[in-house]
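Colleague: Take this structure first; my questions come after.
The values are calculated or read from the model by the stated rules, or taken from the named source; none is laboratory data. These figures come from a predicted structure and were not determined experimentally. So basically every Cβ, Gly included, is an ideal-geometry build from the backbone, and we count neighbours across all protein chains shown.
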Amino acid sequence: MTTYVLRLSMVLISAFLIAGCASTDAVQQDNGPSERPQRSASSGNGEIKPFSEVIKDSFEKDEGLFTVYRDKNTYYYEIPDDVLGREMLMVSRIARTANGINYGGMRNNNQVLRWEKRDDKILLRRVSFSNTASDTLPIYEAVRNSNFEPILATFDVKALNADSTGSVIDVTSLFTTDVPALGLQGSFRSRFQVRRVDGNRTFIESIRAYPENVEARHILTYDANNPPSNSDANTISLEINHSMIILPEEPMQRREPDARVGYFTANQVDYGTEQHRAAPMSHITRWKLVPKDKEAYLRGELVEPEEPIIFYIDPATPVEWREWLIKGVDDWQVAFEEAGFKNAIYGKMAPTPEEDPDFSLEDTRYPSIRYFASPIQNAFGPHVHDPRSGQIMTSAIGWYHNVMRLLRNWYFIQTAAANPEARNVQFDDDVMGELIRFVSAHEVGHTLGLPHNWGSSYAVPVDSLRSPSYTSENGTAPSIMDYARFNYIAQPGDGVTNFFPRVGPYDKWAVKWGYTWFGDMSLEEQQEVLHEWTTERADDPYYFYGRQTGSRIDPRSQNEDLGDNSMKASRYGIANLQVITENLIDWIGKEGEDFDELEELYGQVIGQWSRYMGHVTSNVAGVYENHKTFDQDGVVYEPVPRSVQKEAMDFLRTHAFSDPSWVMNQEILGRVNQADFVDTFRGRQVSVLNNLVDPQRLARLIEYDNRMDGDDIYSPFEFMDDVRSMIWTELDRNSEVSVYRRNLQRAYVERMEYLMTSELPSIPAAFRQFFGFTSINVSQSDIRPIVREQLETLLADVQQTKTRVSDRATRVHLNDVEERIENILDPS
């Protein structure tokens, strides 16, 4: 979600972290001194001993994927030969942590491992799937030679099992010495100046075996010069759980992505195709759902899956919010019904130790919603997938306690003008419950493989969001994966009662596209069906997918916005902000309370105003991005019509660059710490101006002015004339310039200086493609000649006007502006 810390991180959410460590003998040993000898994985003389001499009857035994033996503080794995060479996914989670190092339950690392036998040793290797080729092709060996897998640890084979079908190794050192891939992340090691693992204060808590996985939990204690808490101890202690699960011997059938439908992807480079290149290859990430009754499913009946997706709710969750988190999970059942499955997904409370003593939320087999005691205002929905196929193996949604504060602020600022139940600093439990349900459903969507669809809300006409009947039936957007938020468009008196988004038509369609089971149909046949489905919906805005990062060039694909016209929607939004500002003290004031809540919510009003300005600005030099295939008519990229761009500029003239009289409420300013209001709003307005007069925006205007003819093109010259006109209106009237406008005009001159003297940093091609950045060489483009013309015109206007104004502040200001412009045009 929003802050949701997602932006670039939503790209890395399913990538495998690389934390490098190679081992020579057992595992890599720390070179620093230790108060006790480090345990060796060697069996002494290196000879394989009889099983009975190594594993005694007195040892504790736990059978599963591996048979685990325990002798006090020593642990052995009996690894079957038929498991050697198989890929295994290890998900490492911090079970308990020091203050300042994430939170208990957060994922620390995930990686694919492989146990291999080499002579009388067992090797633990990290596996990469970035590059691939069929093992039947000659190039397969070249790919292997260029992707040699690092060895994380080696272990002497202590014994063979009774029938010689398995090897016994001592794995104690894997969890009691410093193996970076299994311990504290490198960024934390650097930040906290970690020196070494102290073997005397490092312990294995437990290792448990299950049919498909092994769970190992250990306490690691590090010597650190700069620990995040308890600094005088120079120590960091963590409890980490490693859940290692065997991946399917036959990977799930892949499904290729389609740019018109949003899914996270697993990416590889295939050197074994018939294309005349190393071909980039992607497949979407999704859970494996197979119907119990395949014949009934293929007849079109709703069928339960063999293995449903069950999310377990952390028992640390406050009791009053548990049902709402579960409802957020259950809300996706309607989407899976579109894919032919019933009861495919649901939430439930995690069992108590009395109900299931073996259950652990760290266990990879159990998707979960983890509750963090944290002041962070956020939640996140990651997943971990099999890189060979994209099959999602597990997920643990992170839920920070203070996400409720974020929800309170959003709901108040966006709906209180038309929504009486939002006019308080403390919401009723049912109101907050519904807000929690909304975020829960959104985060669950991410764990199903769905990224943000920031283009979904554009499908809804602005006036429909003022309709009680439309909003009651449809919510605010066709997808809960949009950042559509709550209905800030509905006006007082409209009668709207539902202000929420919900799992909508796009979400149901996306799940149908990604999760429909096709039986024995070939991949080629499946892709034909999926392409046909997508093409049928290509012209319906309810099924439009706007890239999850928010394309920087397509104004339809924005976060935090609503409706099909940013200018109209934002005018309604500002009208509501005015209502809230006028009534804020009456709505939240309580006898005996201070003004902290007033100050926070007043700041939220100003922040929401800034969002509206950003929504509108994106229309200027905007480019619509409609992904197509060759069998579809029309272009993929086309500029926003000139009339829409001019509408946006008119809006900014009125609402962004005028004096903020509506928000400058003296009743509020007299009660909160806003002695710097003038400078605060200066910063907001300057941010809008700099965003508007951006080199990349100018580059797009230059590009389309050169590429296309006709009256519908907004030229860079017309744009820059319009900007100068709206910022310097007073020059035409020889009128006094207010303090807000003086600040803004100086910022304009500084922005022109930036364009005349600065060059954009080099932007990698991958970033340009993914985020929609526009590349331009400013000094060799038309930008500087255009800016020079603007400054020369402005200088003449300033020189003509400054002798005619009587206001002292305005005259001094214009004298300063004249000096600044002359220095830019002639630095000597």
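Colleague: Output the residue which, of all residues in the stretch 500-534 that are surrounded by 15 or more Cβ atoms within 10 Å (Cβ to Cβ) and of a type in the set (Ser, Thr, Tyr), is farthest from residue 489 (Cα to Cα).
Modeller: The qualifying residue farthest from residue 489 (Cα to Cα) is 516.
Colleague: Run residue 559 past the list (1) farther than 20 Å from residue 654 by Cβ; (2) assigned to a helix (DSSP H, G or I) and report the number of the one that doesn't hold.
Modeller: Checking residue 559 against (1) farther than 20 Å from residue 654 by Cβ; (2) assigned to a helix (DSSP H, G or I), the one that fails is (2).
Colleague: Go through (1) of a type in the set (Ser, Thr, Tyr); (2) modelled with pLDDT of 95 or more; (3) part of a loop (DSSP other than H, G, I, E, B); (4) buried (at least 19 other Cβ atoms within 10 Å of the Cβ) one by one and return the number of the condition residue 76 breaks.
Modeller: The one condition residue 76 does not meet is (3).
Colleague: Residue 489 is checked against (1) over 22 Å from residue 561 (Cβ atoms); (2) touching a residue at least 40 places away in the same chain (Cβ under 8 Å) and fails just one. What number does that condition carry?
Modeller: Evaluating residue 489 over (1) over 22 Å from residue 561 (Cβ atoms); (2) touching a residue at least 40 places away in the same chain (Cβ under 8 Å) leaves (1) as the failure.
Rundown of residues vs (1) surrounded by fewer than 16 Cβ atoms within 10 Å (Cβ to Cβ); (2) at pLDDT below 90, yes/no style:
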{"residue": "615", "(1), (2)": "no, no"}
{"residue": "631", "(1), (2)": "yes, no"}
{"residue": "638", "(1), (2)": "yes, no"}
{"residue": "647", "(1), (2)": "no, no"}
{"residue": "667", "(1), (2)": "yes, no"}
{"residue": "704", "(1), (2)": "no, no"}
{"residue": "707", "(1), (2)": "yes, yes"}
{"residue": "710", "(1), (2)": "yes, yes"}
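Results for (1) in contact (Cβ under 8 Å) with a residue 40 or more places away in the chain; (2) of a type in the set (S, T, N, Q); (3) part of a loop (DSSP other than H, G, I, E, B), shown as yes or no for each residue.
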site: 631; (1), (2), (3): yes, no, yes
site: 635; (1), (2), (3): no, no, yes
site: 643; (1), (2), (3): yes, yes, no
site: 647; (1), (2), (3): yes, no, no
site: 654; (1), (2), (3): no, yes, no
site: 663; (1), (2), (3): yes, no, yes
site: 668; (1), (2), (3): yes, no, no
site: 685; (1), (2), (3): yes, yes, no
site: 699; (1), (2), (3): yes, no, no
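Colleague: Are any residues in the stretch 449-491 in contact with a His (Cβ under 8 Å, 6 or more places away or on another chain) and aliphatic (A, V, I, L, M), and if so, which ones?
Modeller: Result: 480, 481.
Colleague: What number of residues in the stretch 630-665 are in contact with a helix residue (DSSP H, G or I) (Cβ under 6 Å, 6 or more places away or on another chain) and among the hydroxyl-bearing types (Ser, Thr, Tyr)?
Modeller: Number of matching residues: 0.
Every residue, every condition in (1) within 23 Å of residue 449 (Cβ to Cβ); (2) among the hydrophobic types (A, V, I, L, M, F, W, C), yes or no:
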position	(1), (2)
484	yes, yes
491	no, no
498	no, no
506	yes, no
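Colleague: Among the residues of the stretch 571-583, are any in contact (Cβ under 8 Å) with a residue 40 or more places away in the chain, among the aliphatic types (A, V, I, L, M), crowded, with 21+ Cβ neighbours inside 10 Å and assigned to a loop (DSSP other than H, G, I, E, B)?
Modeller: No, the stretch 571-583 contains no residue that is in contact (Cβ under 8 Å) with a residue 40 or more places away in the chain, among the aliphatic types (A, V, I, L, M), crowded, with 21+ Cβ neighbours inside 10 Å and assigned to a loop (DSSP other than H, G, I, E, B).
Colleague: Check whether at least one residue in the stretch 210-233 is surrounded by fewer than 18 Cβ atoms within 10 Å (Cβ to Cβ), assigned to a helix (DSSP H, G or I) and over 34 Å from the mean Cα position of the chain (by Cα), and report yes or no.
Modeller: Scanning the stretch 210-233 turns up at least one residue that is surrounded by fewer than 18 Cβ atoms within 10 Å (Cβ to Cβ), assigned to a helix (DSSP H, G or I) and over 34 Å from the mean Cα position of the chain (by Cα).
Colleague: Next question. Of the residues 712, 694, which is free of Cβ contacts under 8 Å to residues at least 60 places away in the same chain and charged (D, E, K, R)? Spell out the reasoning first.
Modeller: Values: 712 fails: free of Cβ contacts under 8 Å to residues at least 60 places away in the same chain.
The match here is 694.
Colleague: May I ask you to verify whether residue 162 is within 30 Å of residue 47 (Cα to Cα) and either touching a strand residue (DSSP E or B) at 6+ places or on another chain (Cβ under 9 Å) or surrounded by 20 or more Cβ atoms within 10 Å (Cβ to Cβ) (or both)?
Modeller: Numbers: within 30 Å of residue 47 (Cα to Cα): yes; either touching a strand residue (DSSP E or B) at 6+ places or on another chain (Cβ under 9 Å) or surrounded by 20 or more Cβ atoms within 10 Å (Cβ to Cβ) (or both): no.
No, not satisfied.
Colleague: Further question: Which condition number in (1) in a loop (DSSP other than H, G, I, E, B); (2) of a type outside the set (A, V, I, L, M); (3) within 16 Å of residue 601 (Cβ to Cβ) is the one that residue 476 fails?
Modeller: Result: residue 476 passes all but (3).
Colleague: Can you tell me which residue among 510, 538 is under 28 Å from the mean Cα position of the chain (by Cα) and either part of a helix (DSSP H, G or I) or within 21 Å of residue 289 (Cα to Cα) (or both)?
Modeller: On the way: 538 fails: either part of a helix (DSSP H, G or I) or within 21 Å of residue 289 (Cα to Cα) (or both).
From the options 510, 538, the qualifying one is 510.
Colleague: Count, please, the residues in the stretch 318-338 that happen to be surrounded by fewer than 19 Cβ atoms within 10 Å (Cβ to Cβ) and of a type outside the set (Asp, Glu).
Modeller: The number of residues fulfilling the criteria is 5.
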